[in-house]
Amino acid sequence: MLSYPRTSMQARRLPLASSAAQRTTLGQLGDAYNFDEALQEAGLWPLSSTGIEILQVNVGKVCNQTCRHCHVDAGPDRREVMTQETMEACLRALRSTEIPVVDITGGAPEMNPLFRWFVEQCRELGRTVIDRCNLTILETAPHHDLAEFLAAHKVELVCSLPHYRALGTDRQRGDGVHAASIRALRRLNALGYGDGVSGLRLVLVTNPVGAFLPSAQESLERDWKRELWRNHGVKFDALYTITNMPISRYLEWLLESGNFEAYMERLVLSFNAAAASGVMCRNTLSVGWDGTLYDCDFNQMLEMPVEASVPQHIRDFDALLLDRRRIETGRHCFGCTAGSGSSCGGATVDT
Amino acid sequence: MSDSYYDASDLKKFSDIREHAPELADKFFDWYQAVFAEGALSAREKALIALAVAHGVQCPYCIDAYSKSCLEKGADAEQMTEAVHIAAAIRGGASLIHGVQMRHHVRKLSM
């Protein structure tokens with residue numbers, strides 16, 4: 001077992017905090033870890049966008065937690081926050097298209113002072129709004145009325161809960177996180193979230209607490225539903241399984257625990273062509289806190305923007321060009337194509 | 001060949017057992033896969049049972065494989081430890097219950 005980090009890698013001034021160092025670490029693996037070759041063998045190269053259906057907006061890296069596996073290296077010590085000017089550029093892009101879903105992430109996105117304003121603007125445009133919520137933020141004093149706000153605006157919640165029991169959850173996310181998460185889930189249930197009839201969709205997200213892949217989403221969802229109801233009286237609509245991406249603080253943990261090479265080997269050996277054809281980057285456009293455009297949140301953290309021939313910033317948004325862009329790939333992409341596949345919407349292949 | 005009777009890398013060579021008897025091996029692996037499919041018991045419950053049995057038969061390959069499998073299928077260390085205690089309890093109980101046989105012999109042979 002390793003000690004639990006209380007600060008971001010950036011605050012600890014670790015060389016691995018830089019995206020370049022992370023890309024170099026992944027690049028030092030052998031030729032078998034070439035993602036483009038795996039795509040070629042599956043007849044899927046080059047990977048390209050199928051059209052933007054989800055605008056995923058990362059509104060900042062500030063978070064009230066410092067989770068062990070965080071691919072953002074988020075935490076209370078981070079200062080990157082999306083400005084209103086950049087949010088307005090996102091709204092202009094939305095007005096110029098019919099992109100149906102706005103997926104707001106962070107950090108803890110609710111800690112951006114403009115979060116509520118942005119949600120209201122997106123909802124006024126008639127778009128489905130997803131909030132990637134860590135649950136504990138709902139239990140903090142400055143956000144005491146956040147749950148009611150989210151319900152009033154019919155925001156879909158996609159909430160992190162690595163395990164229905166405390167042991168794994170607290171080991172990954174910090175002491176007391178499980179208990180606070182359960183309290184928050186009960187409050188959400190009381191507002192109608194997860195009841196299946198109110199239209200307030202509540203999704204839980206689990207990612208493995210260690211160096212292994214998630215199991216079949218459907219099977220885990222049955223266990224999660226039974227155990228959360230039996231032990232805590234909590235209901236939810238769906239469970240997404242997400243594979244941990246070998247970047248940022250999860251990469252730090254893999255290296256420290258001596259699991260890096262075996263984990264990468266597992267990802268490569270589990271390459272699934274069906275999962276590769278359904279990766280989320282094909283229908284998603286990811287916006288960084290400073291407005292830079294990426295194919296996904298993982299590429300964002302590795303500072304790999306969209307291909308050079310298309311607009312690089314949300315203020316220059318051009319749907320025609322971005323809808324047909326070629327996806328930038330790297331060795332970390334094996335994380336989305338292993339086994340049943342992984343995306344911000346959970347597994348991408350039925351099992 | 002390793003100097004040790006047990007080599008962790010041998011686990012990946014399990015399918016080599018097909019050599020010389022492929023039909024028998026195929027039957028075994030097909031049946032094995034069917035046994036662990038989701039059924040009346042969940043995949044997680046089956047993995048926990050397998051972990052307990054692995055400790056009962058003390059197979060290091062099985063312990064390796066099913067420790068990983070249990071975690072992947074959503075079990076945590078507390079649940080896995082309880083499963084191992086079940087194996088230990090059955091093993092211990094199996095020894096102790098034979099004490100009744102011992103007592104039969106003692107009664108028969110003693111004055």
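The values are calculated or read from the model by the stated rules, or taken from the named source; none is laboratory data. Please read these numbers as outputs of a predicted model, since none were measured by experiment. A quick note on method: Cβ atoms are made from the backbone with ideal geometry, for glycine too, and the neighbour counts reach across all protein chains shown.
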Query raised in the report: A:R249: at pLDDT 95 or above, of a type in the set (K, R) and closer than 30 Å to A:R201 by Cα, yes or no?
Result: yes
Report summary line: Across (1) within 14 Å of chain B (Cβ to nearest Cβ); (2) at pLDDT below 95, A:G174 clears everything bar (1)
Report task. Among residues belonging to region B:66-100 that are within 11 Å of chain A (Cβ to nearest Cβ) and not in a helix (DSSP H, G or I), point out the one that is farthest from A:S340 (Cα to Cα). Result -> B:D76
Query raised in the report: Restricting the first residue to region A:27-56 and requiring it to be under 15 Å from A:C336 (Cβ atoms), which pairs with a second residue that is aromatic (F, W, Y) and in a loop (DSSP other than H, G, I, E, B) meet a Cβ separation below 7 Å and a spacing of at least six or different chains?
Result: A:D36/A:W45; A:L39/A:W45
Report task. Output the residue which, of all residues in region A:201-211 that are more than 10 Å from chain B (Cβ to nearest Cβ) and not basic (K, R), is surrounded by the most Cβ atoms within 10 Å (Cβ to Cβ). Result -> A:L204
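Listed here are the residues, each with its yes/no results for (1) of a type in the set (D, E, K, R); (2) within 29 Å of A:M264 (Cα to Cα); (3) in contact with a strand residue (DSSP E or B) (Cβ under 9 Å, 6 or more places away or on another chain).
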position: A:T50; (1), (2), (3): no, yes, no
position: A:G75; (1), (2), (3): no, yes, yes
position: A:C90; (1), (2), (3): no, no, yes
position: A:T105; (1), (2), (3): no, yes, yes
position: A:E110; (1), (2), (3): yes, no, yes
position: A:L114; (1), (2), (3): no, no, yes
Query raised in the report: Restricting the search to region B:2-56, which residues are within 21 Å of B:E72 (Cα to Cα), in a helix (DSSP H, G or I) and among the hydroxyl-bearing types (S, T, Y)?
Result: B:S9, B:Y32
**Report entry** Some residue of region A:324-343 being at pLDDT below 95, under 18 Å from A:V102 (Cα atoms) and not acidic (D, E)
**Finding:** yes
Requested in this report: Considering every residue within region A:212-227, establish whether at least one is touching a residue at least 12 places away in the same chain (Cβ under 8 Å), within 14 Å of chain B (Cβ to nearest Cβ) and among the basic types (K, R).
Outcome: yes
Query raised in the report: Which of (1) exposed (fewer than 15 other Cβ atoms within 10 Å of the Cβ); (2) touching a residue at least 24 places away in the same chain (Cβ under 8 Å) does A:V101 not meet, given it meets every other one?
Result: (1)
Report task. Report yes if some residue within region A:268-287 is out of contact with any helix residue (DSSP H, G or I) (no Cβ under 7 Å at 6 or more places or on another chain), part of a loop (DSSP other than H, G, I, E, B), modelled with pLDDT under 95 and away from chain B (no Cβ under 14 Å); otherwise report no. Result -> yes
Query raised in the report: Restricting the search to region A:215-230, which residues are closer than 13 Å to B:A43 by Cβ, charged (D, E, K, R) and touching a Phe, Trp or Tyr at 6+ places or on another chain (Cβ under 8 Å)?
Result: A:D223
